[in-house]
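Where a number appears in this text, it was derived from the coordinates with a stated rule and is not lab data. Model, not experiment: these values are computed from the prediction. Methodologically, a virtual Cβ is constructed for each residue, glycine included, from the backbone with ideal geometry; neighbour enumeration extends over all protein chains shown.
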Amino acid sequence: MKTTFAAILGATMLTAPIAYADDWPTRPLTMVIGFAPGGSTDIQGRVLANVMEQYLGQPVNVVNQPGGGSAVAFTRLMNVEPDGYTFLFGGTTALTFTPIITPVEYEIDDFEYLASVALGQNAIVTSAEQPFTTFDEIIEYGRENQMTYAQQTPLDEAIIGAIAEQEGLDLAIVPTGGGGGMAPLVLGREVDFAYSGGTHAQYTPTGEMVVAAFMSAERSPFYPEVPTLMELGYDFAIEDYRSIIVPQGVPEDVKDRLISAAEFASESETFINITEGNTFFPVVFIGQEEMETSVRRIRAATEEVMAE
């Protein structure tokens, strides 16, 4: 049986701006991002914030709060006033996986999952100057040499740790605060290989960085020649969505307004150009009903896998 942390679903739709009786928002908003500046989530989030400003008519200020693969940011979000003025943009693995293996202050039902605007592209990367380029070559090299791996989230650390144990590798884990921290370690050959949630898109076109394998369930449409871990015989895959998330208790009309802003952004030429053209993430809008179902489905599947 293959162990997957999910399957990808989604549909796109464009809707016109909706007028709200209370004219929300009436002041600036805050977008929290759970990773350090410079990574793919940060790049996408800042463009998304700019496009949402156009729709909402108020500034959307970005605040980076890295730590624990977004766990710190989710803890902050759980404690804010549920008025919609503070929301999180990021992946969903901090909810579908992290609470299973790490003590955190939040749980999956502390939040609402309003919309996804892009599908995650989780990869194993290395420097083009290393003596290996494929994941098989990394494993072969690691059987004879101690290696270092730069992780960003508890999930990628768990997967690589399981593979290292399976293959008998002597592997040292180096934590980073996101893609902005990972990239210089890989390019400077301070680590042998690393997890990338999308930052690799800045460095693969120049030939500085190589994608050795994808952790996603399917191959990336932007790197069709690179296999997934599942194709290589490892029963692991990550399903992740770049999503807009709020704490429980936000008024329905405010949630509807944020969802419409996200849908508007998913059809924005600016957002599509950056997300697909620069960070190589497929842009897909998924609404709240499907996101709520998907997050809980992934969480249940992950709990089953971890129990096994």
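Longest segment of the chain with no trypsin sites (Lys or Arg not before Pro) in a DSSP loop having at most 16 other Cβ atoms within 10 Å?
Values: sites that count: Lys2, Arg143, Arg189, Arg219.
Excluding the exposed sites themselves, the longest stretch runs over 3-142.
Evaluate the chain: find the radius of gyration of its Cα atoms, find its Kirkwood radius, and give the ratio Rg to Rh.
Values: Rg = 18.9 Å, Rh = 19.5 Å.
Rounded to two decimals, Rg/Rh equals 0.97.
Could you tell me the largest-minus-smallest coordinate of the C-alpha atoms of the range 182-263 on each of the three principal axes, in descending order and whole angstroms?
48, 30, 21
What FRET efficiency do you get for Glu81 and Glu105 if R0 is 30 Å and r is their Cβ-Cβ distance, rounded to the nearest 0.05?
Details: r = 17 Å, r/R0 = 0.57.
After rounding, the FRET efficiency stands at 0.95.
What is the local net charge at Gly68, summed over the other residues whose Cβ is closer than 15 Å to its Cβ (Lys, Arg +1; Asp, Glu -1)?
On the way: positive: Arg76; negative: Glu105, Glu107, Asp156, Glu157.
Local charge sum for Gly68: -3.
Enumerate the amide H contacts of Asp240 below 5 Å, restricted to partners 5 or more residues apart or on another chain; note that Pro and chain-start residues carry no placed amide H.
Answer set, sorted by chain and number: Gly120.
How big is the range 123-214 along each principal axis, measuring the range of its Cα positions in Å and listing the largest first?
The Cα atoms of the range 123-214 stretch 33, 27, 21 Å along their principal axes.
Please order Ile108, Ile101 by the number of other Cβ within 10 Å, starting at the fewest.
Working: Ile108 17, Ile101 13.
Going from sparsest to densest Cβ surroundings: Ile101, Ile108.
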